[in-house]
Amino acid sequence: DVYKRQRNLTSTADRIELNPRWWPARPDTIIFGSQLQDSPEGPSTSAFLTVVNLDGSGYRVLDEQNQVGCTPAPSPDGETIAYGTGRSAWLFHMDTEAEVFDPADYGLDIDGELTMSSPAWSPDGSKLAWVLVGNLAGDDSLRYGIGVFDLQTKTVEIMGSPKSAGDEHCSPPEWSPDGRWLAFEVWAESYDESGLWVASIEGDAQEARHLGGGQPVWSPDGQWLAFRGRESGHWLVQPGSWHPLALDLPPDVDLVFWIDPFGG
């Protein structure tokens, strides 16, 4: 009985915990945002970076000054957590302290408002993708894009810049396990630009494909992408060929994770 196996890890009468995430590189650590019960902002994603051990010990607020934003992102090497919202974001190094992640250090100098949120590390940890909303096209309009920041070369590439339907986007981009593709959901003014996109990361020709729908889930080898269709149903595509295959799943299913029954 699954309910008999549940246990409360935090038991914090004075705090609210939000958006927990596993840290694969530290399997005994869970990261999340937390805030005081009587916070004037009320329950929201504007909490502070916190960790707890899998046995309930080691509850610690890592950064009490800077809000975690929508979803914190743990690095593949187990050393760093990316988080934040607003023009500048943060990297918390477990052995040291928080460091400002400033897009201007990568050559991205945006006039006017810019919001960074929902980071995602590439599988090898060399790149960090952020959801960006701001004056990305230099035309004073609010646009949505994915900024792929190369941590080694200190450069950035912007993927997509449709006019945005809002300034809050909490769905982080999803890297393929082989690091070749990036799937991301766009909340655009135009229906034809909204929903799921997939873009190539490698090579000079940046191939991008609009699939619509959402809830992208990569296969473990990165060769297939499952997603919920725009109008109905669930689909499977292979990047490059893009031939859609229908998945026989109930209409009320949410795609969460790809399980290989053979352990591949």
TODO: Specify the residue that is most open to solvent (accessible area, probe 1.4 Å); the eligible residues are those in the range 84-127 that are hydroxyl-bearing (Ser, Thr, Tyr) and in contact with an Asp or Glu (Cβ under 8 Å, 6 or more places away or on another chain).
DONE: 88
- [ ] Could you tell me whether the range 106-121 includes any residue that is more than 13 Å from residue 88 (Cα to Cα), β-branched (Val, Ile, Thr) and out of contact with any helix residue (DSSP H, G or I) (no Cβ under 9 Å at 6 or more places or on another chain)?
- [x] no
Open item on the list: Give all pairs with beta carbons closer than 9 Å in which a residue from the range 94-113 that is without any contact (Cβ under 8 Å) to a residue 12 or more places away in the chain meets a residue that is open to solvent by 70 Å² or more (accessible area, probe 1.4 Å); count only pairs at least 6 apart in sequence or on separate chains.
Closed with: none
- [ ] Filter the range 190-229 down to residues that are surrounded by fewer than 17 Cβ atoms within 10 Å (Cβ to Cβ) and among the aliphatic types (A, V, I, L, M) and give me whichever is farthest from residue 250 (Cα to Cα).
- [x] 205
Task: Evaluation of residue 71 against (1) out of contact with any Lys or Arg (no Cβ under 8 Å at 6 or more places or on another chain); (2) crowded, with 19+ Cβ neighbours inside 10 Å; (3) among the hydroxyl-bearing types (Ser, Thr, Tyr) (one fails), failing number - done: (1)
Open item on the list: Regarding the range 99-106, can at least one residue be identified that is under 18 Å from the mean Cα position of the chain (by Cα) and of a type in the set (A, V, I, L, M)?
Closed with: no
Open item on the list: Which numbered condition in (1) under 21 Å from the mean Cα position of the chain (by Cα); (2) aromatic (Phe, Trp, Tyr); (3) closer than 24 Å to residue 115 by Cβ is the only one that residue 257 fails?
Closed with: (3)
TODO: Working only within the range 78-88, note down all residues that are farther than 13 Å from residue 32 by Cα, at pLDDT 90 or above and in contact with a Phe, Trp or Tyr (Cβ under 9 Å, 6 or more places away or on another chain).
DONE: 78, 80
Open item on the list: Just to be sure I understand, how many residues within the range 143-160 are in contact with a Lys or Arg (Cβ under 7 Å, 6 or more places away or on another chain) and either buried (at least 23 other Cβ atoms within 10 Å of the Cβ) or touching a residue at least 24 places away in the same chain (Cβ under 8 Å) (or both)?
Closed with: 4
- [ ] Evaluate the following for residue 50: is it at pLDDT 85 or above, of a type in the set (S, T, N, Q), under 30 Å from residue 124 (Cβ atoms) and crowded, with 19+ Cβ neighbours inside 10 Å?
- [x] yes
TODO: Take the range 121-143 and flag every residue that is farther than 16 Å from residue 200 by Cβ and in a strand (DSSP E or B).
DONE: 121, 128, 130, 131, 132, 133, 134, 143
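The values are calculated or read from the model by the stated rules, or taken from the named source; none is laboratory data. Please read these numbers as outputs of a predicted model, since none were measured by experiment. So basically every Cβ, Gly included, is an ideal-geometry build from the backbone, and we count neighbours across all protein chains shown. To get the accessible areas, we keep the full protein, side chains included, count just its heavy atoms, and leave off ligands, DNA and RNA. Shrake-Rupley method; radii C 1.70, N 1.55, O 1.52, S 1.80 Å.
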